[in-house]
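Asker: Just passing along the structure, written as structure tokens.
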Amino acid sequence: QVQLVESGGGLVQAGASLRLSCAASGSGFSLKAMGWYRQAPGKQREFVASIISGGITNYADSAKGRFTISRDNAKNTVSLQMNSLKPEDTAVYYCNVVTGLGVYWGQGTQVTVSS
């Protein structure tokens, strides 16, 4: 079993930055991929960014150039640096990890960007 704890959400104005972090804990797992998804009110959950164990990253078009995903393999953490935030970035952001045991989701952290 893998537990994920997210942090870093909040309320900011448009143009500001936020950094989300997610720490994975448990035993007997190896992290293959880590990423972030988000879900805005009334919308489906959507992919934001991911990073695999080799460090290769992938971003949604909406995140390219503004968001940066990184991971610390020693600490089993993944972070999402979000710059130039827009009101349309408002959503609950979920950490997602893929391990040899399965796929796990965090509880979500709210990001609200005011105009």
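Read the figures in this text as sums done on the coordinates, not as results from a lab. Note that this is a predicted model, so its numbers are computed, not measured. Methodologically, a virtual Cβ is constructed for each residue, glycine included, from the backbone with ideal geometry; neighbour enumeration extends over all protein chains shown.
Asker: Suppose R0 equals 25 Å. What FRET efficiency, 1/(1 + (r/R0)^6) with r the Cβ-Cβ distance, do GLN3 and PHE47 give to the nearest 0.05?
Answerer: The formula returns an efficiency of 0.70 here.
Asker: Residue by residue through the range 93-106, what is 3J(HN,Hα) from phi via Karplus (6.51 cos²θ - 1.76 cosθ + 1.60, θ = phi - 60°)? Round to whole Hz and write x for glycine and proline.
Answerer: Computed from phi, the couplings for the range 93-106 are 9, 10, 7, 9, 10, 10, 10, x, 8, x, 10, 10, 10, x Hz.
Asker: Gaussian network model of the chain, Cα springs within a sub-10 Å range: biggest mean-square fluctuation belongs to which of GLY100, GLY42, GLY15?
Answerer: Maximum among the listed residues: GLY42.
Asker: Something else now. Hey, what does the equivalent ellipsoid look like for the range 42-96, semi-axes from the Cα gyration tensor as sqrt of 5 times each eigenvalue, largest first, whole Å?
Answerer: 21, 12, 11
Asker: When the Debye formula is applied to the Cα atoms of the chain, each taken as the same point scatterer, what base-10 log of I(q)/I(0) results at q = 0.13, 0.16, 0.18 Å⁻¹?
Answerer: Debye output, listed in q order: -0.44, -0.67, -0.84.
Asker: Once the piece of chain linking ILE56 and GLU88 is laid out straight, how much longer is it, given 0.36 nm per residue of separation minus the C-alpha distance between them?
Answerer: The span from ILE56 to GLU88 would gain 8.9 nm if fully extended.
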